[in-house]
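The structure follows.
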Amino acid sequence: MQLSPDILRTFTAAARTLNFTQAARQLYLTQSAVSMQMNQLEKNLEKTLFRRIHRGVELTPDGENLLKYAVRLIRLHDEAVSALNQPEPDGLIRLGAAEDYASQHLPEILKRFRAEYPRVRVDLYCDLSENLLKMLEKKELDLCLCNSEKGEIEGEFLRHESVVWIGPKDSEPEKESPLPLALFHEGCMFRKWALQELAARGIPYRIACSSPSTAGVLAAVKSGSSIAPMGGSIPLAGFRILPQSLFGNLPSALVSLHRSGTSESMAQTCLARHITEEFRAMPLAAAHAK
């Protein structure tokens, strides 16, 4: 069985979106073409990769296993083609990113990118998604990695980001009243969702910590002084994911990559590829406590 890059790209798009129609839009294919390719792939491998569910699909254990290899094979294929057929990119890329992604996910992405393209300089700007998009509109950024609430802003869809309530391992501030919270600054959708949910449930609260950074919010929670809403892809070792039943199931954010709209350099295209592949390969969602 030959696993071609094209079939692996289709499989990866379907596996990350868990929706053949969304995968088709990303790949500029029809939904029937994606379904046909995935059916043929399952037949050739003699494995069931997807389970059909209401409004989409979910990966089987065999599908999850193939996804890990598919992402690596596509990356190696593209790196080989780039190295052999194109001149080495250079220049400057101005990259904007929400702070949690910049601190938790981008370091490894940028490390690999710089190893592959040492002549390209990347300047990183961290801020709220709303502010970064304004910079992009003013042509002050080339690429922008953002959160949105319901996909209301245009961009290349990367993944859904679950939002969970977290607390410290060795204390239970969630039992206090008013409820002590560690939140990002005004303008953060996680903060807005948390306060809306608590207000809807009539739960009194106080803001024990307000920080512009993920590190600041996590430090406040780890100290035992508060709980916080946090993106599910953030490493949460040393914290507890609190039960949904206590404070409500928070919405998921949509993560997307945006381009300035001007003529894109080879370097920008390469960095965008590194980002999209990494984010689509992440675990789909952190498990919520029951």
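The values are calculated or read from the model by the stated rules, or taken from the named source; none is laboratory data. For clarity, every value in this text was computed on a predicted model and none was experimentally measured. With ideal geometry, Cβ positions are generated from the backbone for all residues, glycine too; neighbour counts draw on all protein chains shown.
Got a sec? Which of L198, L218 is under 19 Å from the mean Cα position of the chain (by Cα), within 17 Å of E174 (Cα to Cα) and not assigned by TED's automatic domain parsing to the domain that holds H105?
L218
May I pose another question? Restricting the search to the stretch 216-265, which residues are part of a strand (DSSP E or B) and over 19 Å from Q196 (Cα atoms)?
F239, R240, I241, V255, S256, L257, H258, R259
Sort out which residues of the stretch 111-129 are surrounded by fewer than 18 Cβ atoms within 10 Å (Cβ to Cβ) and among the acidic types (D, E), and write them in order of number.
E116, D123
Within the set of pairs 6 or more residues apart or between chains, which connect a residue that is at positive phi inside the stretch 4-31 to a residue that is among the small types (G, A, S) with Cβ atoms less than 6 Å apart?
L18/G56
From the list R94, R75, which residue is surrounded by 14 or more Cβ atoms within 10 Å (Cβ to Cβ), closer than 30 Å to K138 by Cα and in contact (Cβ under 8 Å) with a residue 40 or more places away in the chain?
Every option except R94 fails the conditions.
Quick check on the stretch 48-61. Is at least one of its residues assigned to a loop (DSSP other than H, G, I, E, B) and either assigned by TED's automatic domain parsing to the domain that holds Q268 or surrounded by 13 or more Cβ atoms within 10 Å (Cβ to Cβ) (or both)?
Within the stretch 48-61, one or more residues are assigned to a loop (DSSP other than H, G, I, E, B) and either assigned by TED's automatic domain parsing to the domain that holds Q268 or surrounded by 13 or more Cβ atoms within 10 Å (Cβ to Cβ) (or both).
Here's something else I'd like to know. Within the bounds of the stretch 23-37, is there any residue that is within 18 Å of the chain's Cα centre (by Cα), assigned to a helix (DSSP H, G or I), surrounded by 18 or more Cβ atoms within 10 Å (Cβ to Cβ) and in the same structural domain as S263 (by TED's automatic domain parsing)?
Scanning the stretch 23-37, I find no residue that is within 18 Å of the chain's Cα centre (by Cα), assigned to a helix (DSSP H, G or I), surrounded by 18 or more Cβ atoms within 10 Å (Cβ to Cβ) and in the same structural domain as S263 (by TED's automatic domain parsing), so the answer is no.
Just name the residue that is modelled with the highest pLDDT out of those in the stretch 10-22 that are more than 17 Å from the chain's Cα centre (by Cα) and either surrounded by fewer than 20 Cβ atoms within 10 Å (Cβ to Cβ) or β-branched (V, I, T) (or both).
Here the residue is T10.
Next question. As an exercise: evaluate K111 against (1) farther than 22 Å from G231 by Cα; (2) outside the structural domain of T12 (by TED's automatic domain parsing); (3) part of a strand (DSSP E or B) and give the number of the one condition it does not meet.
(3)
Checking the conditions here, which among L41, L66 is in a helix (DSSP H, G or I), buried (at least 16 other Cβ atoms within 10 Å of the Cβ) and free of Cβ contacts under 8 Å to residues at least 40 places away in the same chain?
L41
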